[in-house]
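Asks: Pasting in a structure now, in structure tokens, and then I'll have a few things to ask.
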Amino acid sequence: MSAPTPPVLTASGLVKTYGDLRALDDVSLTIRGGESVAVMGASGSGKTTLLHCLAAILAPDTGSVVLSAPGAEPIELVGLDEGERARVRRTALGFVFQEHLLLPELTAVENAALPLLLQGQRRQDAERHAAAWLAMLGLAGLEQRRIGQLSGGQAQRVAIARAQVTGAPVVFADEPTGALDSATSGDVLAALLGATVGQGRTLVMVTHDAEVAHRCSRIVRLRDGRIVDDSAVSAGAVAAREDAR
């Protein structure tokens, strides 16, 4: 049996409240390099709050979140100011959302290249790199289309490319297939998994869809702000689902 990969995210004792609501109640979680982790739970269970705390979008009231990107010194995310958290998000984390959150006035390649442009790369180099990701995700020839000229599945693939162009070791996805039909959902999920864990990176995904969750390597279930189950998905189960598609 191979040794487990090192952790890339370590959360300890996370508490987040909104008035009287305890959205996270002493949550601790370790996510290792190369994992695909599905976070599930009913509405209000705390899953999106957990994702946002892990992704340095929200700061918990108490607790610790350590990002240990390969080749870099570990970073304690809790306690960073907003400018520092933004820098971490730009350089070490990627994001895919349900409604893709692309800029409609930009082309597909411009949207995908945006994180690199924000880091100061030359436009020509950034768009060349972004175009390579679009091609890998099946969008070769569509680089100059605006988002309104793409299907929902194609737009999500642009969002996946945008999340990956910086080489971020961890990608967060919040209901990335929630707005898609079942056939398109399967194709987009395969693209997302291939672009993340297929490249040795880590995927942390919130989903309400059990079929989507069971294509990940691990499922974490929340209820009332607490983790109630944290289970690996067997390789055989994943393979059986892939064969059935």
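Asks: Return the residues of the stretch 192-227 that are in a loop (DSSP other than H, G, I, E, B), in contact with a helix residue (DSSP H, G or I) (Cβ under 9 Å, 6 or more places away or on another chain) and within 24 Å of GLY138 (Cβ to Cβ); say none if nothing qualifies.
Replies: Listed by number, the residues that qualify are THR196, ARG201, THR207, ASP209, HIS214, ARG215, CYS216, SER217.
Asks: Any chance the stretch 90-102 includes a residue that's closer than 23 Å to VAL39 by Cα, among the polar types (S, T, N, Q) and surrounded by fewer than 15 Cβ atoms within 10 Å (Cβ to Cβ)?
Replies: no
Asks: Restricting the first residue to the stretch 80-106 and requiring it to be basic (Lys, Arg), which pairs with a second residue that is assigned to a loop (DSSP other than H, G, I, E, B) meet a Cβ separation below 6 Å and a spacing of at least six or different chains?
Replies: ARG85/ALA56; ARG89/ALA56
Asks: Another one. State the number of residues belonging to the stretch 8-30 that are under 26 Å from GLU211 (Cβ atoms) and either crowded, with 24+ Cβ neighbours inside 10 Å or not aliphatic (A, V, I, L, M) (or both).
Replies: Count: 3.
Each row is one residue, and each column tells you yes or no for (1) over 29 Å from GLU211 (Cα atoms); (2) crowded, with 18+ Cβ neighbours inside 10 Å; (3) at pLDDT 95 or above.
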| site | (1), (2), (3) |
| --- | --- |
| GLY44 | no, no, no |
| LEU54 | no, yes, yes |
| VAL66 | yes, no, yes |
| GLY83 | yes, no, no |
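Asks: Based on this model, can you work out whether ALA140 counts as small (Gly, Ala, Ser) and surrounded by 16 or more Cβ atoms within 10 Å (Cβ to Cβ)?
Replies: It is false that ALA140 is small (Gly, Ala, Ser) and surrounded by 16 or more Cβ atoms within 10 Å (Cβ to Cβ).
Asks: For LEU150, are the conditions met, namely being aliphatic (A, V, I, L, M), at pLDDT 90 or above and surrounded by 15 or more Cβ atoms within 10 Å (Cβ to Cβ)?
Replies: Yes: the conditions hold for LEU150.
Asks: A further question on this structure: Kindly indicate the residue of the stretch 156-178 that is among the small types (Gly, Ala, Ser) and under 14 Å from PHE95 (Cα atoms) and also surrounded by the fewest Cβ atoms within 10 Å (Cβ to Cβ) among those meeting that condition.
Replies: Here the answer is GLY167.
Asks: From LEU77, LEU103, grab the single residue that is in contact with a Leu (Cβ under 8 Å, 6 or more places away or on another chain) and either at pLDDT 95 or above or closer than 24 Å to THR30 by Cβ (or both). If you could, list the steps in order and put the result at the bottom.
Replies: Values: LEU103 fails: either at pLDDT 95 or above or closer than 24 Å to THR30 by Cβ (or both).
Being in contact with a Leu (Cβ under 8 Å, 6 or more places away or on another chain) and either at pLDDT 95 or above or closer than 24 Å to THR30 by Cβ (or both) holds for just one of LEU77, LEU103, which is LEU77.
The values are calculated or read from the model by the stated rules, or taken from the named source; none is laboratory data. Quantities reported herein were computed from a predicted structural model and do not represent experimental measurements. Ideal geometry is used to build each Cβ from the backbone, glycine not excepted, and the neighbour counts take in all protein chains shown.
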